[in-house]
Amino acid sequence: MRLYLFEHCSICFRVRMAAALKRLHLQETVVLEDDSDTMTRLVGKRVVPILVKDDGQPMLESMDMVGYIDGLGDPVLTGPQRSEIAACADTIVAKTVPLTWPRYPLLGLPEFGTVAALDHYVVRKRKQLGDLVELRARTREHIDALTPELEKLDRLIESPLAVNGKLSLDDIRVLPLLRSAAVVNGLRFPHKVREYFEAMMERIGYQPLPAV
């Protein structure tokens, strides 16, 4: 199987995480940010992640990919899900965007490996969010908005090795968001969130992205 992805993409990381939990090898191709042609050739539109199965058929929708991977052999994501976790994750997504999107271009990631790719990202995100430099200047304001949501998540975590005590799709929802948030230098995770993030990243064998 081959996964087409952006390194910074939390949705892509869901699929990578599921494969790591299953101890399955995924061939990975990082697509340049401005390489819409590759994505369109595979699935008819600009989107990542794209999972190309061993039979050559491409898949879209990250949670469908997670389900497919978990269904190969004995599943591992068998624990309960909680609506509170899903709601908390949705709020964290919204609160992290002004912090993470302006930082990704600073990380030297492979999807920004050419000047054209980097410029493509900056122009796209500026249209959606506004000036990225100004957003970075308001980091403290955005951290203050995100912190209560992380504290809410802290109260919900049941174990450092599974948000609900047993691995489930809620872990697939939560850990990639924390990986993204961890790029924000100066953001402090609450105690249980930090324990969970560090233990799960070690469990799947991934290092955090740089913090800036």
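The values are calculated or read from the model by the stated rules, or taken from the named source; none is laboratory data. Worth saying up front: this structure is predicted, and the values here are computed from it rather than measured. No Cβ is skipped: glycine too gets one built from the backbone with ideal geometry, and neighbour counts run over all protein chains shown. Note: areas computed on protein heavy atoms with side chains; ligands, DNA, RNA excluded. Shrake-Rupley method; radii C 1.70, N 1.55, O 1.52, S 1.80 Å.
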### Query
Based on the alpha-carbon gyration tensor of segment 14-59 and its eigenvalue square roots a ≥ b ≥ c, which shape applies: rounded if a/c is under 1.5, prolate if not and a/b is larger than b/c, or oblate?
prolate
### Linear extension gain, ALA116 paired with LEU129, 0.36 nm per residue minus alpha-carbon span
2.7 nm
### Summary
ILE11 and ALA199 label points (each 7 Å along its Cα→Cβ direction) are spaced in nm at 3.0
### Message
Using amide H atoms built in the peptide plane, which far-off residues or other-chain residues are under 5 Å from SER159 H to H?
### Response
GLY165
### Query
Using a 1.4 Å probe, how large is the accessible area of ASP37, given in Å² and rounded to the nearest 10?
120
### Query
Which Cys residues of the chain have no other Cys Cβ less than 4.7 Å away and so no disulfide-compatible partner by this rule?
CYS88
#### Entry: Fully extended contour minus Cα-Cα distance, from ASP55 to ARG138, at 0.36 nm per residue
25.1 nm
### Query
Given 10 Å bins starting at zero, what is the percent of C-alpha pairs of segment 1-153 in each, up to the one with the largest pair distance?
10, 32, 34, 21, 3
#### Entry: Span-rule helices in the chain, defined as complete DSSP H runs reaching 18 Å or more along the axis (Cα) with Kyte mean at least 0.0
83-100, 169-181
#### Entry: FRET efficiency for ASP90 and ARG188, using Cβ-Cβ distance with R0 set to 22 Å, rounded to 0.05
0.50
### Summary
In debye to the nearest 20, the charge dipole size for segment 83-212, taken about the Cα centre with +1 at each Lys and Arg Cβ and -1 at each Asp and Glu Cβ, equals 280
### Task
On the protein heavy atoms, probe 1.4 angstrom, tell me the percent of accessible surface of segment 25-177 carried by carbon and sulfur.
51
### Query
Hey, with R₀ at 30 Å, roughly what FRET efficiency would THR78 and GLN207 work out to, going by the Cβ-Cβ distance, to 0.05?
0.65
